[in-house]
Amino acid sequence: MAKRKNITTTQLALMTAAAVISLRGLPMMAQEELTMFFYIFFATFLFLIPAALVGAELGSAFASKGGGVYTWVKEAFNKHLGFTAIFLQWIQNVGFAAASIAYMIGMPGLAQNGLFVGLFSIAMYWCATLVTLRGTSAISGITSKGFLIGTVLPGIVVIIMAVIWMAGGNSVALEHIPDTVSQVVNIDAAHHV
């Protein structure tokens with residue numbers, strides 16, 4: 001039986017969402033309260049939409065050559081810099097995963113341990129290589145399921161917990177919004193001193 005080489009639109013959407021949406025920034029965003037929406041709109045209009053348009057243009061321009069960061073950088077410079085760009089993009093996520101696991105197992109000192117991070121990176125490199133050898137459908141399946149289990153499900157759990165919290169009669173910080181921007185800035189400055 002031949003392996004399927006194409007991915008579905010849903011799998012592509014989930015893979016894209018997994019690359020962009022992450023839970024790691026949500027605690028910091030929650031501290032911003034309602035100003036968070038300004039930052040999200042600001043980032044959307046000045047970064048996400050232009051980046052999507054550039055990605056769409058590059059994707060269509062280099063569709064016959066495979067597309068992606070590697071191809072784009074390779075075409076602009078050379079194949080060595082293309083590999084460097086995609087490797088640095090990948091290794092940043094692996095380093096974050098190593099630090100997250102160190103905190104998850106209750107040993108935050110490991111996040112600064114070069115040996116741990118290096119061995120973790122090598123192990124993840126070989127795991128990724130083995131998954132890649134299984135084909136596109138294996139990669140898209142892992143990414144889609146990982147996004148649903150690691151980002152969407154925790155997000156739903158947090159929303160349900162918030163509803164339960166509010167249904168229990170507990171106060172919500174958004175009920176006490178200052179009247180002016182200067183009050184928000186003064187309160188924010190007082191908390192960060």
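The values are calculated or read from the model by the stated rules, or taken from the named source; none is laboratory data. What you see is a predicted model, and the numbers here were worked out from it, not measured in a lab. Surface areas here come from the heavy atoms of the whole protein model, side chains and all, with no ligands, DNA or RNA. Shrake-Rupley method; radii C 1.70, N 1.55, O 1.52, S 1.80 Å.
General observations
- Intensity falloff of the stretch 67-115 expressed as log10 I(q)/I(0), Debye formula with alpha-carbon point scatterers, at q = 0.22 Å⁻¹: -0.69
- Note on the stretch 42-104: with neighbouring protein chains present and a 1.4 Å probe, carbon and sulfur make up 72 percent of its accessible heavy-atom surface.
- Note on the stretch 115-174: the alpha carbon radius of gyration divided by the globular reference 2.2 N^0.38 Å gives 1.81.
- Measuring between their Cα centroids, the stretch 115-167 and the stretch 75-102 lie 17 Å from each other.
- In the full protein context, the stretch 52-99 carries 66 Å² of accessible surface per residue, based on a 1.4 Å probe and ignoring ligands, DNA and RNA.
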